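Mind looking over this structure? Questions follow.
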Amino acid sequence: MKSGVVRVRFVTAPFDDSVRRARFGHGAPCPGYEGLRGQDTGRWAGRTLDEVAAEDPEGIRSWLTDPAYAPPGGESLAALTARVGAELAGLAPGTHRAVVEQAVVRAAVVHALDLPATAFWRLDVRPGHVTTLTGRAGRWNLRLGEPEADAGPPSSDA
């Protein structure tokens, strides 16, 4: 990480009807932050968990238990976490606001706090909330889940 304080405010949008119906995303872009785009779920994109589980139960089981497993034509959770971590490491000092998918927040927290990859599935990220990572010299602090309306302007402390 470059010297100086980096603050990243991850905003997760509230669920809309299309998100509720389609469990697997299409790797939504994050303008200005290529490394924070959503997970590429390959051929599972746009389908519900039940639909994919009916067709590929072993694939779903592997995806939920093996961070190195990638959905067909997609990206593994390990690769997602590495990509998000590389983006965090390359951010310039200052405050960054990124509207991202829940999986990106999970990956960022796993990376920043050096958690085991299996912790990814144990992190609940609430839609319509802000998760803030503040870091300097490769050390990150975490502020969890404030409603976006209550998050207010970022503070200047690290």
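The values are calculated or read from the model by the stated rules, or taken from the named source; none is laboratory data. From a predicted model like this one, the values you see are computed outputs, not experimental measurements. When we count neighbours, we look across all protein chains shown, and the Cβ atoms used for this are built from the backbone with ideal geometry, even at glycine. Side chains are part of the model used for accessible areas, which takes the heavy atoms of the whole protein and leaves out ligands, DNA and RNA. Shrake-Rupley method; radii C 1.70, N 1.55, O 1.52, S 1.80 Å.
What's the total number of residues in region 65-81 that are exposed (fewer than 14 other Cβ atoms within 10 Å of the Cβ) and among the aliphatic types (A, V, I, L, M)?
1
For residue 8, only one of the following conditions fails: (1) open to solvent by less than 30 Å² (accessible area, probe 1.4 Å); (2) outside any strand (DSSP E or B). What is its number?
In the conditions (1) open to solvent by less than 30 Å² (accessible area, probe 1.4 Å); (2) outside any strand (DSSP E or B), residue 8 misses (2) alone.
So, in region 83-100, of the ones that are among the hydrophobic types (A, V, I, L, M, F, W, C) and more than 11 Å from the chain's Cα centre (by Cα), which residue ends up surrounded by the most Cβ atoms within 10 Å (Cβ to Cβ)?
The initial filter retains those residues of region 83-100 that are among the hydrophobic types (A, V, I, L, M, F, W, C), namely 84, 86, 88-89, 91-92, 98-100.
From what's left, more than 11 Å from the chain's Cα centre (by Cα): 86, 88-89, 91-92.
On the way: 86: 11, 88: 23, 89: 15, 91: 20, 92: 9.
The extreme case among them is 88.
Does region 101-125 hold any residues that are open to solvent by 30 Å² or more (accessible area, probe 1.4 Å) and within 17 Å of residue 38 (Cβ to Cβ), and which are they?
Of region 101-125, the ones open to solvent by 30 Å² or more (accessible area, probe 1.4 Å) are 101-102, 106, 111, 113-118, 121-124.
Of everything in region 101-125, those that are open to solvent by 30 Å² or more (accessible area, probe 1.4 Å) and within 17 Å of residue 38 (Cβ to Cβ) turn out to be 101, 102, 106, 111, 121, 123.
Could I ask something else about it? Being modelled with pLDDT of 90 or more, in a helix (DSSP H, G or I) and either aromatic (Phe, Trp, Tyr) or touching a Phe, Trp or Tyr at 6+ places or on another chain (Cβ under 7 Å) (or both), is that true of even one residue in region 118-136?
Yes: one or more hits.
Having 2 or more residues that are farther than 27 Å from residue 141 by Cβ and either touching a helix residue (DSSP H, G or I) at 6+ places or on another chain (Cβ under 7 Å) or at pLDDT below 95 (or both) is the bar; report the helices (runs of 4 or more DSSP H) wholly within region 28-106 that clear it.
Values: elements: 49-55, 57-65, 77-89.
Correct list: 49-55, 57-65.
Among the residues of region 51-64, write down those that are open to solvent by less than 30 Å² (accessible area, probe 1.4 Å) and either touching a strand residue (DSSP E or B) at 6+ places or on another chain (Cβ under 6 Å) or not small (Gly, Ala, Ser) (or both). Steps first, answer last, please.
Of the residues in region 51-64, the ones open to solvent by less than 30 Å² (accessible area, probe 1.4 Å) are 52, 59-60, 62-63.
Hits for region 51-64 are 52, 60, 63.
Specify the residue that is nearest to residue 48 (Cα to Cα); the eligible residues are those in region 1-27 that are touching a helix residue (DSSP H, G or I) at 6+ places or on another chain (Cβ under 7 Å) and at pLDDT below 75.
That would be 23.
Turning to a different aspect of this structure: Of everything in region 67-101, what is within 23 Å of residue 13 (Cβ to Cβ) and in contact with a Pro (Cβ under 8 Å, 6 or more places away or on another chain)? Give them in sequence order.
Within region 67-101, 77, 81, 95 meet the criteria.
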